[in-house]
Structures are given as structure tokens and as C-alpha cells.
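Novice: Please read through the structure below; I'll follow up with questions.
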């Protein structure tokens, strides 16, 4: 049994309503008997105007519409119905003695789903009706599944947002304390084993805090609750501050951060927090995937009508087959010090860059390093 036959055989006829429209009463009665015997719900109308009224009142799942009627033809009736948002998706089977190619083409142009030529065969009628109803049934299933999926995603996003919001504040406090402890301690003062544990806890607290921050912002962005606040900015007032924050983290791996400033000011109209979030994610990834005693360059430059900020590392690089999907596919990755990444940050970066009129880019050679960049339009004078 093929898919079409399976759909037809599995429909529950009493769940569906069919509207019969014909000005000849004997035709209406015959069709009503045939469809009622199949357990379909049936309603009737005897002209185009009554068809439109009954459709609005009864909301049928399928309309059997006679073409040749005195006040308004079936074709004209269909034209009116297909312009109405409440009726345009209801399938129509035309009942007609007209069977020239021109008539068929015109019928499909005005919205026919199928044709039945009078006098019709009982078995053919029921087969064509059930075929259309099976499509309606399939559409119902898809719409129900879509609604359930949207509800599931909405609940998931709400849960993520609550978790991230409630955990981020205490995690920030833990991170700050561990940063201070690691900076003030040494293997000589607390012992090598305890210092190693403190250093590991410090790194992991940074990762958890970044993940929670990204998760909160991502869920807000996906649910439309994150507003882009545009303001006049000079990137030289933003980028150095972010780089300075990461100096302490870089020092734990003896990594040098080198800031390359632009030849002329890079003034933009963008969301300050979003740009900082993109740069923080690029910086965090660069440190994670760079070996000890290496250098990371943060390069600010003008590229056409855009300001461009790049973070260039000497790390492990990215395989060529992963470059095209790096900003779309969230996957767990591990840095040179065992640091774990969720892949969520890069998706967030591209989303934020595009919300500000720019984009994100990556260049990488496996085993040599990567350069992650984002652009934002320069402010026009």
C-alpha cells in the first residue's frame, strides 16, 4: 500500500464536513446520500451566494461546487472565496459537464483542487472526495505537530532563560572570588596540588558564567525579547576595555594579547552590549584554543563602509569541512587546556552582528590558527 492509499484508508469520515453546492435538487440529494453513507457530515447550498454564506457559517473541509448555476457560476463563486482569508484554503472539487481543456485550465486558475465530470461515477466520486479529505487530514496533523513543537520550543526557551537568569548572579560572585584567589595565591603559598585545583575551578567558573550569559541572551533573542539599542559609538572606546578584561584569563596560559588599533576612528551606530558580547565570545574562544606562550591579535580596521574587528590566534585551527557551518551548528568542543565549549556562542555572535547590520566571518588553517571577525556599518556623516 502506497502513502496515498494509506492516507485515504486512515481518514475518519465523521470528523469531516462537506458542502454540496448545486442548483439541481436531485443532484444534491444523490450526493448527500452517497456522502452520508460514508459517514461524512454534509451541508448543502443551491447557488453561489448561498455557498459563500454556508461556508462562512459551517466551515466545511471540502466543497463540491457545480459550475453551471443561474445567479453566479461556480468559477465566479470560487474567485470570491479564494480572496477571503477564511475560505481561501478550503479545497474545491468542481462538478461540471464542461470538459474542454480551456474549461479545465480556467477552473484550476480560479482555485480548483480537482474536477468531476457529469454524469459522474459513484466510485470515482468517493475516491476523489476521500483523496482531498486525506490531504486536509494530513494538513491538520502537520498543523497540530507544528503547534506542539512551537509550544515545546517556547517552554524550553523559557526554562533556559529562567535557569540562566537564576544561576548567573551567584555564578558571577563565585567567578570573581576564584579570580582573586588565583591571582593572589601561588604554588609556593598554598601548595602545588591545591593551586592546580583552584586554577581549574577558576577556569571552569569562567566557562559556566560565559555559557549562562550566552544562554540567557540567546533565549531572549530567539523569543523576540531582546531589543537592539542603537547608539553612536567609537570602537576604540569599547574594544580595549574588553581586551583588558581578558588579560587576566590569558595570563593563566601565558598568552600575550596584542591590540592593533585602526589608522582612523571607527565610529558606528550599534548596540554597545551586543558588540561587546560578540568580541567577548571571540576572545574567549581564542584563548581556549590557543597553546601556552602564544599570541592573540585583536585587529581593528576599516573595510569599505564597515568597521571590522578581528581576533587572530595561533591555535589548533578548524577543519575545512566545518568552516561553512561553524556559526550555525552548535557542538561541544574542547580547548587546549581541556576547556569545554557549547558552540552556542558563535550562533549568538552571528545573530547579534546581523542585528546590527553586519556579519561574522572566519578564516582558519588546521594546526596554524583561526581568525574570527565581525563587521558593523560605519556611521555615515
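The values are calculated or read from the model by the stated rules, or taken from the named source; none is laboratory data. Computed from a prediction, not measured in an experiment: that's the story for all the values here. Neighbour counts run over all protein chains shown; Cβ positions are idealised from the backbone, glycine included.
Novice: Taking the stretch 197-207, which residues are surrounded by fewer than 19 Cβ atoms within 10 Å (Cβ to Cβ) and modelled with pLDDT of 70 or more? Let's see the steps before the verdict.
Specialist: The initial filter retains those residues of the stretch 197-207 that are surrounded by fewer than 19 Cβ atoms within 10 Å (Cβ to Cβ), namely 197-201, 204, 207.
197, 198, 199, 200, 201, 204, listed by residue number.
Novice: Just to confirm my filter: which strands (runs of 3 or more DSSP E) fall fully inside the stretch 12-109 and include at least 2 residues that are in contact (Cβ under 8 Å) with a residue 60 or more places away in the chain and buried (at least 20 other Cβ atoms within 10 Å of the Cβ)?
Specialist: Numbers: elements: 17-21, 41-45, 62-66, 92-96.
In the stretch 12-109, 62-66 are the strands (runs of 3 or more DSSP E) which contain 2 or more residues that are in contact (Cβ under 8 Å) with a residue 60 or more places away in the chain and buried (at least 20 other Cβ atoms within 10 Å of the Cβ).
Novice: Same structure, new question: Going by the structure shown, is residue 137 under 29 Å from the mean Cα position of the chain (by Cα), on the phi < 0 side of the Ramachandran plot and surrounded by 17 or more Cβ atoms within 10 Å (Cβ to Cβ)?
Specialist: So residue 137 fits the description; yes.
Novice: When the stretch 117-137 is examined, which residues are found to be closer than 24 Å to residue 84 by Cα and either in the same structural domain as residue 15 (by TED's automatic domain parsing) or out of contact with any strand residue (DSSP E or B) (no Cβ under 9 Å at 6 or more places or on another chain) (or both)?
Specialist: 134, 135, 137
Novice: For residue 262, indicate whether it is part of a loop (DSSP other than H, G, I, E, B) and either in the same structural domain as residue 346 (by TED's automatic domain parsing) or without any contact (Cβ under 8 Å) to a residue 24 or more places away in the chain (or both).
Specialist: yes
Novice: What are the pairs with Cβ atoms under 7 angstrom where one residue, in the stretch 277-299, is at positive phi and the other, located anywhere, is at pLDDT below 95? Sequence gap at least six, or different chains.
Specialist: 293/254
Novice: Any residue at all in the stretch 314-322 that's closer than 29 Å to residue 270 by Cα and buried (at least 16 other Cβ atoms within 10 Å of the Cβ)?
Specialist: If we filter the stretch 314-322 for residues that are closer than 29 Å to residue 270 by Cα, which is where we start, we get none.
No, because not a single residue in the stretch 314-322 is closer than 29 Å to residue 270 by Cα and buried (at least 16 other Cβ atoms within 10 Å of the Cβ).
Novice: Can I ask one more? Return the total of residues in the stretch 226-259 being assigned to a loop (DSSP other than H, G, I, E, B), touching a residue at least 40 places away in the same chain (Cβ under 8 Å) and out of contact with any strand residue (DSSP E or B) (no Cβ under 8 Å at 6 or more places or on another chain).
Specialist: Total meeting the criteria: 5.
Novice: Just checking, does the stretch 217-224 include any residue being outside any strand (DSSP E or B), farther than 30 Å from residue 195 by Cβ and at pLDDT 90 or above?
Specialist: The answer is no, given that none of the residues of the stretch 217-224 is outside any strand (DSSP E or B), farther than 30 Å from residue 195 by Cβ and at pLDDT 90 or above.
Novice: Something else now. Take the conditions under 19 Å from residue 250 (Cα atoms), at pLDDT 65 or above and exposed (fewer than 14 other Cβ atoms within 10 Å of the Cβ) and apply them to residue 231. Does it pass? Spell out the reasoning first.
Specialist: Values: under 19 Å from residue 250 (Cα atoms): no; at pLDDT 65 or above: yes; exposed (fewer than 14 other Cβ atoms within 10 Å of the Cβ): yes.
No; evaluated as a whole, the condition is false for this residue.
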